[in-house]
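Student: Questions regarding the structure given below will be posed in turn.
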Amino acid sequence: MPRRTIITVTTVIAIAAVSVFGQMSVTPTNDAPNPYETVANYFKMPEGRTWGSTSAVDVDKDGKSIWVAERCGANSCLNSNLDIVLKFDASGKLLKSFGSGLMIFPHGMHVDRDGNVWVTDGQDNVPRRAPDAPPATPLPPQPAKLIGHQVFKFSPDGKVLLTLGKPGGNPPGQPADPASLYQPNDVITLANGDVLVAEGHSNAPETSTRIVRFNRDGKYLGQFGKYGSGPGEFIQPHGLAMDAQGRLLVADRSNNRVQILTTEGKFIDEWKQFSRPSGIYVRNDMVYVADSESGSVEPKQSAWRRGIRIGSIGDGKLLFFIPDPETRNAPEVRGTLAAEGVAVDAAGNIYGAEVGPKGVKKYVKKQGTE
């Protein structure tokens, strides 16, 4: 007797879901409770210095001091002599700063198990014509020293311990060195000392989009991922985090999802209930996801409110939501609003690093909430 294939309703649904992977819609999650309040002007900048854009924030290994990489009072450190990497104590007092002249566009940050501070630089100082300049307009003079598109490892006192990638990186249209980078977004270290770097700050298919692996000494070991919306593919892998199970969480921003992978790049799951993720952080059993672009940069996500969504790392269930107080969307307002980078200290306080509003906000639990 020939074997029969029994197709159930569940099977049909599963087949349909696979056939439209990456295209399934999720109901916007804008109404979770918000048990947090904002502490205004918490971090104290030096006299005469104002905040620039920042997306890079992390917590010191002491669990309470805060590291920030700030774009020199603007959205770029080009031609600035200001220190870039700042450390604040638990009261918001600036303790130290360093990194002047090393970077153009500090973007991602990671504090490793030994307290060393890793920072990615997502732009360069290559001279370019203004976007509206005629083609015959002469280029600005070449810089004396090329910088950009690298990852820096600093000691807690600011000594450069390691750099990943060559200065200036892999410009599009030129032969690529796989051990160098172009627009690195974020960096994270693994328990064995390996380093993962998320590369690709563009929606253009021709740009490099991947996760690059180095060993603890900076030797290139390989890569995984490519441009796309399928399992293990990325469009703007903007942030990285690890959970206690050893899973890699990627803020796959322009795919409007968090991807969960092995550290070798094998697909495990995807979560779309966190909307358009720019930053991601894991602390204990919770995942914190910063959405800075829904509606303002990405109009297709206009039904989603920007803000920080907080959920269970076990199943991704959304539990809390800190909404962006700016409720308007494009074309009325445009740009990266709310928090782009996010970090959480040992006491559960949340820190949101902001590009558009410029600065870092602290969020604490309201009195009477658990």
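The values are calculated or read from the model by the stated rules, or taken from the named source; none is laboratory data. Computed from a predicted model, the values in this text were never measured in an experiment. A quick note on method: Cβ atoms are made from the backbone with ideal geometry, for glycine too, and the neighbour counts reach across all protein chains shown.
Student: Of everything in segment 39-85 that's assigned to a loop (DSSP other than H, G, I, E, B) and of a type in the set (A, V, I, L, M), which residue is nearest to K361 (Cα to Cα)?
Tutor: Within segment 39-85, the match that is nearest to K361 (Cα to Cα) is A40.
Student: Residues that are within 19 Å of the chain's Cα centre (by Cα), touching a residue at least 24 places away in the same chain (Cβ under 8 Å) and crowded, with 21+ Cβ neighbours inside 10 Å, at least 1 per element: which strands (runs of 3 or more DSSP E) completely within segment 153-241 meet that?
Tutor: Answer list for segment 153-241: 160-164, 184-189, 195-199, 210-214.
Student: Given the conditions (1) in contact with a Leu (Cβ under 8 Å, 6 or more places away or on another chain); (2) under 28 Å from P325 (Cα atoms); (3) part of a strand (DSSP E or B), report the number of the one that S97 does not fulfil.
Tutor: (2)
Student: Let me ask another. Testing A144 on (1) crowded, with 23+ Cβ neighbours inside 10 Å; (2) part of a loop (DSSP other than H, G, I, E, B), one condition comes back false. Which one is that?
Tutor: (1) is the only condition that A144 fails.
Student: Moving on to the next point. Within segment 330-364, track down each residue that is farther than 17 Å from N75 by Cβ and free of Cβ contacts under 8 Å to residues at least 40 places away in the same chain.
Tutor: Listed by number, the residues that qualify are A330, P331, E332, N349.
Student: Let me ask you something else. Within segment 113-140, which residues are part of a loop (DSSP other than H, G, I, E, B) and touching a residue at least 60 places away in the same chain (Cβ under 8 Å)?
Tutor: R113, G122, Q123
Student: Suppose the filter is of a type in the set (A, V, I, L, M), touching a strand residue (DSSP E or B) at 6+ places or on another chain (Cβ under 8 Å) and at pLDDT 95 or above; does A191 pass it?
Tutor: Considered against the rule, which asks whether it is of a type in the set (A, V, I, L, M), touching a strand residue (DSSP E or B) at 6+ places or on another chain (Cβ under 8 Å) and at pLDDT 95 or above, A191 comes out as no.
Student: Would you confirm, using the coordinates I've provided, whether A90 is more than 24 Å from L337 (Cα to Cα) and either part of a strand (DSSP E or B) or among the small types (G, A, S) (or both)?
Tutor: For A90, the condition - more than 24 Å from L337 (Cα to Cα) and either part of a strand (DSSP E or B) or among the small types (G, A, S) (or both) - is met.
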